[in-house]
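Worksheet for the structure shown next.
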Amino acid sequence: MSDVKSVVIVGSGPAGHTAAIYSARANLSPFMFEGYMMGGSAGGQLTTTTEVENYPGFPEGIEGPELMQLFRKQSERFGTEMVQEDVISADFSQRPFVLKSENREVRAHSVIISTGATAKRMGVPNEEKMWNNGMSACAVCDGALPMFRNQPLMVIGGGDTAVEEATYLAKFGSVVYLVHRRDQLRASKIMQERALKNPKLEIIWDTVFEDAIGADYVTGAKLKNVKTEDVREVDVTGIFYAIGHVPNTSIFNGQLDLDDAGYIKLKPGTQETNIEGVFAAGDVHDHKYRQAVTAAGTGCASALEAERWLAEKGLTE
């Protein structure tokens, strides 16, 4: 059984790399499928962000891709074996577990899933060009950047997250437009009241976002009223999507307990899934906080739990 890995980590964002660092330092010789296409790129969502100002230890801020390179170097330094491949199938019905990519089959005593989630996008014409140039899917990550301060901003959505993000942005922007396709918000009553009472928050009802306007950076938004079909342009320097995320869990369907949105369900107070020896960390289960630092925390917890579990089962060398 020497070819069986003690810990296989699926995913290479802050959760995956923190799990790798802790596992490697515990002499568990972790093996990581970094992923390539599943979450958009190896390294997770931080590789698609520019300035990260809220990760502890970087008072001047740090570029997202650079931060993930530092995570990767640390995993590598302690001996994590990494392949930049996607897991295309996982079999948790047998022990050791079997995970397959296009190039290899790996057997594992324990698995930590940290495949993350992908922010939903709308696919408007200028989206690719404007992404990170005034367009974002995380107000909490990006809203406090200097480029957005005292500027008109816009949030697309109508649920609790949209109202939370609009309320957060109101601390920094001169005005925040909340664009919603219906004539009432889907957000909870308390969140709706908060939105309606905020003097810096202006709700644009019955309206859909058609496109971002700008040459190099966002300077406006093109909106269409769904009832009158009137099209207008609004001057803004920031457009934030709050239309939800899709957890990258499709390959685990039918094996792991998932909630209605596809997030992995955990046993309360643990990182344990419904399958003994399979743990989850980061945005793949966390639809509440979705921050790099909280993902790293759950990556640490999952590695400690996996280490304990392996010791209890006598599966450590």
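Every read-out reported here was derived from the displayed coordinates using simple, explicitly stated rules and does not represent laboratory data. All values derive from a computational prediction rather than experimental measurement. Ideal geometry is used to build each Cβ from the backbone, glycine not excepted, and the neighbour counts take in all protein chains shown.
Pull up the cross-link candidates among the aspartates and glutamates for residue 265, meaning alpha carbon to alpha carbon under 14 Å and not fewer than 8 places away within one chain.
257, 276, 283, 286
Less than 12 Å Cβ to Cβ from residue 231, Lys/Arg counted +1 and Asp/Glu -1: what total charge do the surrounding residues give?
Value of the local net charge: -2.
Subtracting the Cα-Cα distance from 0.36 nm times the residue separation, let me have the gained length for residue 224 to residue 188 in nm, one decimal.
Numbers: separation 36, 0.36 × 36 = 12.96 nm, distance 2.54 nm.
Full-extension gain reported as 10.4 nm.
Report, in order of residue number, the helices in the chain meeting two criteria: a C-alpha extent of 27 Å or more along the helix axis, and a mean Kyte-Doolittle hydropathy of at least 0.0; treat each whole DSSP H run as one helix.
Working: long enough: 292-312 (30 Å, 0.38).
Span-like helices in the chain: 292-312.
Could you give log10 I(q)/I(0) at q = 0.22 Å⁻¹ for segment 208-317, computed by the Debye formula over C-alpha point scatterers of equal weight, without solvent?
For the requested q values the scattering log ratios are -1.13.
Under the 0.36 nm per residue contour assumption, what length would be gained going from the current alpha-carbon distance of residue 233 and residue 275 to full extension?
10.0 nm
Can you tell me which of 152-162, 101-111, 189-199 comes out highest on packing, and rank the rest after it, using the mean Cβ neighbours within 10 Å?
152-162, 101-111, 189-199
In the chain, which cysteines lack any other cysteine Cβ under 4.7 Å from their own?
300
Can you give the FRET efficiency for residue 120 and residue 74, using 1/(1 + (r/R0)^6), R0 = 30 Å, r = Cβ-Cβ distance, to the nearest 0.05?
Calculated value: 0.45.
Top mean-square fluctuation among 257, 230, 286, Gaussian network model of the chain, C-alpha springs under 10 Å?
230
Can you work out the base-10 log of I(q)/I(0) for segment 121-241 at q = 0.19, 0.23 1/Å, using the Debye formula on its C-alpha atoms alone?
Per q value, in the given order, log10 I(q)/I(0) is -0.97, -1.40.
7 Å from Cα along Cα→Cβ at both residue 246 and residue 198: what's the point-to-point distance in nm?
2.8
Which of 5/288; 267/288; 189/288; 267/313; 100/288; 129/171 have a Cα-Cα distance over 25 Å?
Those over the limit are 5/288; 100/288; 129/171.
Ordered by residue, what ³J(HN,Hα) values in Hz, to whole numbers, does segment 96-102 give under the Karplus form 6.51 cos²θ - 1.76 cosθ + 1.60, where θ = phi - 60° and Gly and Pro are x?
x, 5, 10, 10, 10, 10, 5
Once the Cβ-Cβ distance between residue 107 and residue 289 is put in as r, and R0 is 35 Å, what FRET efficiency do you end up with, to the nearest 0.05?
Efficiency, rounded to the nearest 0.05: 0.60.
Hey, got the dipole for the chain? About the Cα centre, +1 on K and R Cβ, -1 on D and E Cβ, debye to the nearest 20?
Rounded to the nearest 20 debye, it is 540 debye.
Given 0.36 nm per residue, what is the gain on full extension from residue 133 to residue 83 after removing their alpha carbon distance, in nm? Kindly include the intermediate steps, with their values, before the conclusion.
Working: separation 50, 0.36 × 50 = 18.00 nm, distance 3.12 nm.
Separation in residues times 0.36 nm, less the Cα-Cα distance, equals 14.9 nm.
Please give the per residue volume of the convex hull enclosing the alpha carbon atoms of the chain, rounded to a whole number of Å³.
Cα convex hull per residue, to the nearest whole number: 139 Å³.
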